[in-house]
Amino acid sequence: MNEFIRDQLKSLHDKGVYRRLPINEGPIGPVISLNGQSVINLASNNYLGLANHPDVKAAAMQAVETYGVGAGAVRTIVGNMDVLERLEEELAVFKEEEAVTVFQSGFMANVACIPAVVTQGDLILSDAKNHASIIDAIKLSKAEKQVYPHVDMAALETILKDVRKNYNQVLIVTDAVFSMDGNIAPLPELVQLAKQYDCMTYVDDAHGAGVLGSRGKGTIDHFHLHGQIDFIMGTLSKAVGVVGGYIASSKEVKEYLLHAARPALFSTALPPADIAAIRASIQLMSQSDELQTNLWNNTSYFRSKLLELGFDLAPSQTPITPVMIYDEAVTMKVSKRLLEQGVFVSGIVFPTVVKGQARLRCMLSAEHTKEQLDQAIAIFEQVGKEFGLIS
Ligand SMILES: Cc1ncc(COP(=O)(O)O)c(C=O)c1O
């Protein structure tokens with residue numbers, strides 16, 4: 001075996017962070033069958049429970065009958081199905097933005113858009129806690145990069161004052177909801193700075209879409225900033241429950257992306273069944289906010305109970321509920337013990353978060369019942385005491 005890979009694997013074992021991937025043997029729901037064991041699922045991004053919703057499944061099955069299973073080509077050749085065009089129109093209406101361009105995943109949407117809209121002579125200003133897909137997208141672009149301290153708008157302004165004059169375009173990029181902490185970026189202040197210093201804005205709303213704003217329209221709606229962000233990225237894989245990503249933008253940006261965003265040109269378009277499922281999910285979301293209400297009720301219930309027990313929770317503002325453990329190896333052990341007792345929650349360690357900030361990332365969903373949450377809380381209490389995390 002390659003020596004570099006062997007050393008890397010050994011180091012993962014030595015640090016106690018080597019893991020075997022759990023195997024889910026059924027649909028993703030509040031209770032899952034994991035490696036043959038029925039456990040409460042506190043780990044998925046299926047916020048609204050749409051991944052296994054009967055209407056969404058029926059739409060996918062119907063699309064298979066009508067369109068088959070594959071798009072057959074990239075969009076710019078013959079993979080641009082009518083259902084994909086409909087989806088983009090419907091999503092633009094739902095998001096209250098001029099246009100939407102759909103990509104094959106959220107990761108892909110970032111990698112597609114960022115390198116396409118900036119080039120040599122430009123600067124990207126990126127929040128220190130931005131998602132890996134943004135970091136990789138920036139690496140693919142020809143622009144220079146500077147990282148600003150997490151959500152620190154004063155530091156961002158200092159950088160802009162110093163260097164704005166040296167660049168043609170400046171793109172400020174941020175997660176709307178930070179995926180490992182659950183806090184929300186100060187978008188109104190960020191937009192203000194962008195206007196003042198003539199910058200473009202790029203917001204990754206992977207964890208805000210479906211969760212924040214009226215009917216889950218997202219963080220931009222939450223802050224009433226429609227039409228004020230140049231590029232809004234969203235996923236179709238989390239609250240929407242399927243797979244895919246998109247950029248909501250002006251019509252002109254969409255026109256350009258369909259010529260310049262490499263995943264639109266060089267990777268096969270989404271399959272029709274996924275597109276149909278996404279359309280059904282968006283329709284359900286626009287009809288009622290019941291699922292969103294359940295999600296937020298579950299979030300505040302679970303969070304308040306863990307705080308009462310004395311757990312150290314990161315100050316999240318969303319259903320992402322990080323229980324801070326700090327030590328990486330202990331985090332993995334606690335996660336393993338919780339699983340043995342019947343709760344699956346992922347241990348998050350370096351490189352997903354910086355060293356010394358390891359945590360258990362609990363993800364709430366609209367589908368969890370009070371009984372399931374109470375059971376999970378009781379197991380947390382027992383395991384927390386075993387490990388001395390609470391007294
Ligand atoms: C902030 C953020 N952006 C982008 C992505 C990628 O989205 P997808 O899973 O749809 O590729 C994720 C997924 O974890 C995310 O958390």
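Bear in mind that the values in this text are calculations on the coordinates, not laboratory data. Fair warning: this is a prediction, and the values are worked out from it, not measured in the lab. Quick reminder, even Gly has a Cβ in these numbers, built from the backbone with ideal geometry, and neighbours come from all protein chains shown.
To the nearest whole percent, what portion of all C-alpha pairs in the chain is separated by more than 29 angstrom?
Value for the chain: 46 percent of Cα pairs lie more than 29 Å apart.
Based on other C-beta atoms within 10 Å, arrange Val111, Val323 from fewest to most.
The fewest-first ordering by Cβ neighbours comes to Val323, Val111.
Placing unit charges on C-beta atoms (Lys and Arg positive, Asp and Glu negative, everything else neutral), compute the dipole magnitude of the stretch 54-287 about its Cα centre in debye, rounded to 20.
Dipole about the Cα centre, nearest 20: 300 debye.
At what distance in nm do the modelled label points of Leu309 and Asp14 sit from each other, each positioned 7 Å from its Cα along Cα→Cβ?
A separation of 3.5 nm, rounded to one decimal place.
Enter the Cα centre distance for the pair the stretch 281-331 and the stretch 137-195, rounded to the nearest angstrom.
27
Please go through the stretch 1-67 and write out the chymotrypsin sites (Phe, Trp or Tyr not before Pro) that DSSP classes as loop and that have at most 12 other C-beta atoms within 10 Å.
Tyr18
Helix by helix through the chain, keep the DSSP H runs that span 27 Å or more along the axis on Cα and average at least -0.5 on Kyte-Doolittle, and give those back in order.
none
Starting from the Cα-Cα distance between Val64 and Glu371, subtract it from 0.36 nm times their residue separation and give me the gain in nm to one decimal.
106.8 nm
Of all trypsin sites (Lys or Arg not before Pro) in the stretch 335-372, which ones are in loop regions per DSSP and have a Cβ with at most 16 other Cβ atoms within 10 Å?
Qualifying residues, ordered by number: Lys355.
For the residue pair Asp136 and Leu21, what label-to-label distance in nm results when each label sits 7 Å from Cα along the Cα-to-beta-carbon direction?
That separation, rounded to one decimal, is 1.4 nm.
Tell me which of Tyr47, Asn297, Val353 sits at the most positive position along the dipole axis of the chain, charges placed on C-beta atoms (Lys, Arg +1; Asp, Glu -1).
Val353
Using +1 on the beta carbon of Lys and Arg, -1 on that of Asp and Glu, and nothing else charged, what's the dipole of the stretch 252-386 about the Cα centre, debye to 20?
340
Relative contact order of the chain, please, whole-number percent, based on alpha carbon pairs below 8 angstrom and at least 6 residues apart.
With pairs under 8 Å counted, the relative contact order is 23 percent.
Please get the size of the charge dipole for the chain, origin at its Cα centre, with Cβ charges of +1 on Lys and Arg and -1 on Asp and Glu, quoted in debye to the nearest 20.
860
Taking other Cβ within 10 Å of each residue's Cβ, how do Ile278, Ile5, Ile77 sort, fewest first?
Least crowded to most crowded, the residues run Ile5, Ile77, Ile278.
Given q = 0.07, 0.10, 0.11 Å⁻¹, what are the Debye log10 I(q)/I(0) values for the stretch 54-287, with equal point scatterers placed on the Cα positions and solvent ignored?
-0.21, -0.44, -0.53
Calculated from DSSP H runs of 4 or more alone, at -39500 (n - 2.57) each and per residue, what is the 222 nm mean residue ellipticity of the chain, nearest 500?
Value at 222 nm, helices only: -13500 deg cm²/dmol.
Considering only DSSP beta bridges with both partners in the stretch 158-267, what is the antiparallel share in %, to the nearest 5?
Just about 40 percent of them are antiparallel.
Cut-off is 10 Å between beta-carbons; in what order do Cys362, Cys199, Cys113 appear when sorted fewest neighbours first?
By the 10 Å Cβ count, ascending: Cys199, Cys362, Cys113.
Take every Cα pair under 8 Å in the stretch 224-373 that's 6+ residues apart, average their separations, divide by the length, and report that relative contact order as a whole percent.
Relative contact order here is 18 percent.
GluC sites (Glu not before Pro) within the stretch 332-391: which are DSSP loop residues with at most 16 other Cβ atoms inside 10 Å?
Here no GluC sites (Glu not before Pro) fit, given the DSSP loop and packing criteria.
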